[in-house]
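Notes to accompany the following structure.
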Amino acid sequence: MKNIAERNFKSELKFVYSDNDTLSIIFQNNDILLGVLGEFNNNIKQLEEITNTNIHTRGNSILVKSSVKKNELVKNAIKFLSEQFIRNGTIEKKDIISSVNKFMIDEKNNSKKNIEYIIKTPKKSVIPRSEKQKNYVRALKESEIIISAGPAGTGKTFLAVAVALTMLLEKKIERIILSRPAVEAGERLGFLPGDMREKVDPYLRPLYDSLYDLLDFEKIQKKIEVGDIEIAPLAFMRGRTLKNSFAILDEAQNATDTQIKMFLTRIGENSKIVINGDPSQIDLPNKNLSGLNRSKKLLGHLKEISVVDFDYTDVVRHPLVSKIVKAYSDQKNE
């Protein structure tokens, strides 16, 4: 065995390579090892499945046997998961997927370079996974209006909600406003029971999910009750001026040109507005009515407005999602 070893990540991990393409990842701290392994080694089993490698445990070590390239992929993923566990005290299923996707998308990507883009929320630290995501986070912090377009799973809404929440908690703004057009996704839902809020909540559920992923349920509910966070359908925005606010219009591909103009012109003093959408998932009866692409063309030249276009390489859900998005995109272009 070659005694080639390197210490990384605050001396918690040691990497030892052998001649038979086996990489030993030695943990100096058993708590971190247990956190990375997960209950019944479920984290490692999922990592093994995603990377198509053989991963075993022995004592305080994780052994990886595969090609040199895949060994490095798993090594970087485990380093990432170790950092995630130390930072947040837990590892979620999507962290495992992201740990692999991050290095599959850009193997030269260095997580140290992402430190300035880390969004620290009470429940977790959110890290951009691609160059475009970093540009997007930069725009969210620096620009007054941000328009982003791209496929599902690229972090458009989640990153925007994370930045908005940190600004609210740091008292840089007074309110977060989250909105979506109440358009059915290609289905007829029929009559919905309940009061107005209960009728529109199904359309706004993804926005609630993003909030609960970043802050405790009780705290989110309290902020909604006192008005620090407002979640409302797009139609409720007409006639308002948003001051000291961070407003996000999600699923903007289902908003008309007139509606997007209305939403953008709500901007007031010390406010930001974000427009997010996926042009490939327009649910309007007449797809030509969608105003998302038109807003990009009309406003992209203004220095106060940032436009970010994502594609399948920026997808941070399961790696298969990226392949699905690419397949549909390729077919559309044929």
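Would you pick out the residues in the range 115-168 that are without any contact (Cβ under 8 Å) to a residue 12 or more places away in the chain and under 13 Å from the mean Cα position of the chain (by Cα)?
The one that is without any contact (Cβ under 8 Å) to a residue 12 or more places away in the chain and under 13 Å from the mean Cα position of the chain (by Cα): ILE118.
Which residue, of LYS223, LYS287, LYS272, LYS296, is of a type outside the set (Ser, Thr, Tyr), over 30 Å from ILE50 (Cβ atoms) and surrounded by fewer than 18 Cβ atoms within 10 Å (Cβ to Cβ)?
LYS287
Please name all residue pairs, on different chains or six or more residues apart, with Cβ atoms under 6 Å, provided the first residue is in the range 223-236 and is assigned by TED's automatic domain parsing to the domain that holds LEU169 and the second residue is assigned to a helix (DSSP H, G or I).
Close Cβ pairs satisfying both conditions: ILE229/LYS223; ILE231/LEU204; ILE231/LEU207; PRO233/VAL200; LEU234/GLN259.
Any idea which of (1) closer than 25 Å to PHE310 by Cβ; (2) at pLDDT 90 or above is the one LYS108 doesn't satisfy?
Only one criterion is unmet by LYS108, namely (2).
If I ask for residues that are more than 17 Å from VAL100 (Cβ to Cβ) and assigned to a helix (DSSP H, G or I), which ones from the range 27-52 would you list?
Within the range 27-52, ASN30, ASP31, ILE32, LEU33, LEU34, GLY35, GLU39, PHE40 qualify.
Give the residues of the range 226-255 that are surrounded by fewer than 18 Cβ atoms within 10 Å (Cβ to Cβ) and of a type in the set (Ser, Thr, Tyr), sorted by residue number.
Listed by number, the list holds a single entry, THR241.
Sort out which residues of the range 64-88 are among the β-branched types (Val, Ile, Thr) and either free of Cβ contacts under 8 Å to residues at least 40 places away in the same chain or in a strand (DSSP E or B) (or both), and write them in order of number.
The one that is among the β-branched types (Val, Ile, Thr) and either free of Cβ contacts under 8 Å to residues at least 40 places away in the same chain or in a strand (DSSP E or B) (or both): VAL64.
Here is a yes/no grid of residues against (1) charged (D, E, K, R); (2) within 16 Å of ALA160 (Cβ to Cβ):
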{"site": "LYS223", "(1), (2)": "yes, no"}
{"site": "GLU230", "(1), (2)": "yes, yes"}
{"site": "THR241", "(1), (2)": "no, no"}
{"site": "PHE246", "(1), (2)": "no, yes"}
{"site": "THR258", "(1), (2)": "no, no"}
{"site": "SER271", "(1), (2)": "no, yes"}
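The values are calculated or read from the model by the stated rules, or taken from the named source; none is laboratory data. On a predicted model such as this, the values are computed, not experimentally measured, just so you know. Every residue, glycine among them, receives a Cβ derived from its backbone with ideal geometry; neighbour counts consider all protein chains shown.
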